[in-house]
Amino acid sequence: MIHSFNSQEKPLRLITIPISHYCEKARWALTKVKLPYVEEPHMPPFHRLATGRVGGKLTPVLISETSAFTDSTDILRYLNEIAPDNAKLYPINPELRQQVEKLEDLFDDQLGSATRHWGYFYVIDDYKFMQRRWCQSVPFIEGALFPVVFPWMRSVVRRGFNITPESAAQAYEQIKSIFDQVSELLSDGRTYLVGDSFSAADITFAALAAPAVLPPEHPMKPVSLQELPPKMASEISAFRETPAGAYVLRLYRHRHN
Ligand SMILES: N[C@@H](CCC(=O)N[C@@H](CS)C(=O)NCC(=O)O)C(=O)O
């Protein structure tokens, strides 16, 4: 279904778990296309009440006047359709578009799950840290229920993702391998990952890599390296020093422009 740019009278609604990097991908795309939207932030598991109402499970979900989009890539494709010509997320040239879509899929399928897995391994048992991260911007009542639901949610996360030292080490290697691929792409001095303009590939890479780089301009309150386990902090410092990590930091410096 194609919407014209002006057919959207009410602002779009974005259902999020605010700290989720897939939600950040959608949020960044909304900023880029400059369409008005309202974010509806939830703490897990309460997001399910909101996403379930429109036939989804996970966040982000974008709701327009006529449809609900329940996957970040579908959200970006839809936003691209309704975006003004000077704020498109995908190139017009079919070959370049294909390259963008291929990278977006790679980052969605591998990088996003790896950074989440690696990050949770280090912090899932830190009650105070998790409380701060999960409760940011969520409705008061949901945050107040954190002590009740977190012990259960923590084991859902641990079991759901099978978080063990071995699987976290694998996730770390996977992040490194994708960072190597991106560093290699950037080694010819290009300004953006594909073609000569900022695209969905750049948004997806930066948003999904952010947990491993912690850019200071991230819309969620910044975390300082000192408050993290030393091994995690030193891995983040090393990621920041790679060309791919430096690229994430650069994109975030312009995140709000
Ligand atoms: N492929 C999905 C992945 C989204 C995803 O994994 N969302 C996570 C947050 S990072 C979620 O909502 N988890 C909550 C749950 O499992 O109920 C997308 O790109 O939108």
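Where a number appears in this text, it was derived from the coordinates with a stated rule and is not lab data. Bear in mind that the values here come from a model prediction, so they are computed numbers and not experimental data. All Cβ positions, glycine included, derive from the backbone under ideal geometry; neighbour counts span all protein chains shown.
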Expected unfolding gain across residue 132-residue 166 under the 0.36 nm per residue rule, minus the alpha-carbon gap, is 9.5 nm
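Given the pairs 176/231; 25/57; 32/128; 32/102; 32/221; 57/176, which span a C-alpha to C-alpha distance of over 25 angstrom in this model?
Numbers: 176/231 15 Å; 25/57 17 Å; 32/128 33 Å; 32/102 20 Å; 32/221 20 Å; 57/176 30 Å.
From the list (176/231; 25/57; 32/128; 32/102; 32/221; 57/176), the Cα-Cα distance tops 25 Å for 32/128; 57/176.
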Please enumerate, by chain and number, the aspartates and glutamates with C-alpha under 16 Å from the C-alpha of residue 88, excluding those fewer than 8 residues away in the same chain. 74, 101, 104, 196, 202
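Residue 144 to residue 85: extension gain in nm, 0.36 nm per residue of separation minus the Cα-Cα distance? Walk me through the numbers on the way to the answer.
Working: separation 59, 0.36 × 59 = 21.24 nm, distance 4.38 nm.
Additional length available on full extension: 16.9 nm.
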Report, by chain and number, residues whose modeled amide H sits under 5 Å from the one on residue 17, excluding near sequence neighbours (fewer than 5 apart, same chain). 42
HN-Hα J in Hz across the stretch 133-142 - Karplus 6.51, -1.76, 1.60, θ = phi - 60°, x for Gly and Pro: 6, 7, 8, 4, 6, 7, x, 3, 5, 5
Sorted largest first, the Cα spans of the stretch 2-87 on the principal axes come out in Å as 38, 23, 18
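Note down, for the stretch 204-257, the three equivalent ellipsoid semi-axes (square root of 5 times each alpha carbon gyration tensor eigenvalue), biggest first, whole angstrom. List each step's numbers first, then the result.
On the way: eigenvalues 66, 34, 13 Å².
Equivalent ellipsoid semi-axes, largest first: 18, 13, 8 Å.
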How much net charge surrounds residue 192 when only other residues with a Cβ under 11 Å from its Cβ are counted (Lys, Arg +1; Asp, Glu -1)? 0
Return the FRET efficiency for the residue pair residue 38, residue 246: r is the Cβ-Cβ distance, R0 is 30 Å, and the value is rounded to the nearest 0.05. 0.35
Treating cross-link reach as a plain straight distance, find the aspartates and glutamates whose alpha-carbon is under 19 Å from the alpha-carbon of residue 10, omitting any fewer than eight places away in the same chain. 39, 40, 65, 81
For residue 71 and residue 113 in one chain, what is 0.36 nm times their gap in residues minus the Cα-Cα distance, to one decimal in nm? 13.7 nm
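Rounded to the nearest 5, what % of the DSSP beta bridges within the chain are antiparallel ones? Write out the running numbers ahead of the final one.
Working: 5 of 10 bridges.
Bridges in the chain are about 50 percent antiparallel.
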What is the magnitude of the charge dipole of the stretch 2-87 about its Cα centre, with +1 placed on the Cβ of each Lys and Arg, -1 on the Cβ of each Asp and Glu, and no other charges, expressed in debye to the nearest 20? 200
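Determine, from the Cβ-Cβ distance of residue 226 and residue 256 and an R0 of 45 Å, the FRET efficiency 1/(1 + (r/R0)^6), rounded to the nearest 0.05. Mind dumping the intermediate values first?
Numbers: r = 26 Å, r/R0 = 0.57.
Efficiency, from the Cβ-Cβ distance: 0.95.
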Remind me, relative contact order of the stretch 2-87 in percent, using alpha carbon pairs under 8 angstrom and six or more residues apart? 38
In whole Å, largest first, the alpha carbons of the chain cover along the principal axes 46, 45, 28
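Just want to confirm a number: the relative contact order over the chain, from Cα pairs under 8 angstrom separated by 6+ residues, in percent. Write down the numbers at each step before the final one.
Details: 328 pairs, mean separation 56.3, N = 257.
Reported as a whole number, the value is 22 percent.
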